[in-house]
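The values are calculated or read from the model by the stated rules, or taken from the named source; none is laboratory data. Keep in mind it's a predicted model, so treat the numbers as computed, not measured. FYI the Cβ positions are ideal-geometry reconstructions off the backbone, even for glycines, and counts take in every protein chain you see. What goes into the accessible areas is simple: the full protein's heavy atoms, side chains included, and nothing from ligands, DNA or RNA. Shrake-Rupley method; radii C 1.70, N 1.55, O 1.52, S 1.80 Å.
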Amino acid sequence: MAAATTAAVSDFAAVEEVFLLFAAAVFALHQDTLLAYGIDMAKADDLGQAAAIDAAQPTPLGGFSARVGLAMDALLTIERANGELAANPPAGDNSDLVRLELLMTRMRASAARLWLLTMQARAVGEGGAGLRLGVAGMWARLQTVPRDALAERALVFTGMFYQDIRSDPPEFTAWPMSP
């Protein structure tokens with residue numbers, strides 16, 4: 001998963017506009033997950049954040065650790081659903097619109113993988129130094145994207161990850177993040 005995600009980020013980075021769209025997908029997923037589960041995936045290992053959030057925002061979804069687990073399960077579901085769609089495009093239609101939708105599908109799957117890897121790399125004992133280094137390299141690239149480049153692009157992706165969850169407007173001060 002790490003190698004495939006690194007390759008996808010490199011592919012997206014080859015064309016500036018495509019990379020900006022991918023960064024917007026990553027950001028929109030962050031914002032929608034924050035709204036859906038009450039966790040900042042970039043800080044999912046921050047025990048201080050966990051205690052503060054649990055005290056300030058009790059939720060029927062459970063404590064912070066339970067919500068992190070739910071979010072990770074949701075990321076796997078997002079990755080699998082979009083990965084399956086990207087691997088099995090509609091037959092016969094090769095229009096620009098279909099190709100754009102397939103690109104966005106790949107971006108959603110890759111964004112979910114990136115966040116899942118980010119959360120795993122930060123967890124104690126998960127993935128080792130190689131995973132942490134790979135994730136840091138991907139984030140170093142993403143953090144070159146300026147906030148103002150995300151505004152319109154993120155709105156294309158927000159609401160596409162979870163049913164009935166749409167961060168509108170997204171909180172653009174959350175970019176760049178330093179997971």
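The stretch between Arg147 and Phe172, if pulled fully straight at 0.36 nm per residue, gains 8.4 nm over its current Cα-Cα span. Once the Cα atoms are used to define both axes, helix 96-122 deviates from the longest principal axis of the chain by about 30 degrees. Here the accessible area of the chain is 58 percent carbon and sulfur, with a 1.4 angstrom probe and all protein chains present.
With a Förster radius of 30 Å applied to the C-beta separation of Leu133 and Ser95, the computed FRET efficiency comes to 0.15.
Longest stretch of the chain clear of exposed loop sites (GluC sites (Glu not before Pro), DSSP loop, at most 16 other Cβ atoms within 10 Å, sites excluded): 1-125. Around the Cα centre of the chain, unit charges on the Cβ atoms of Lys, Arg, Asp and Glu (plus for the first two, minus for the last two) sum to a dipole of about 360 debye.
Residue farthest toward the positive end of the dipole of the chain, with Cβ of Lys/Arg at +1 and Asp/Glu at -1: which of Gly69, Ala136, Val18? Going by the charge dipole, the pick is Ala136. Spacing of the modelled spin labels on Glu17 and Met1, each 7 Å from Cα toward Cβ, amounts to 3.3 nm. Judged by the mean number of other Cβ atoms found within 10 Å, the most tightly packed of the peptides 136-144, 33-41 leads the ranking 33-41, 136-144.
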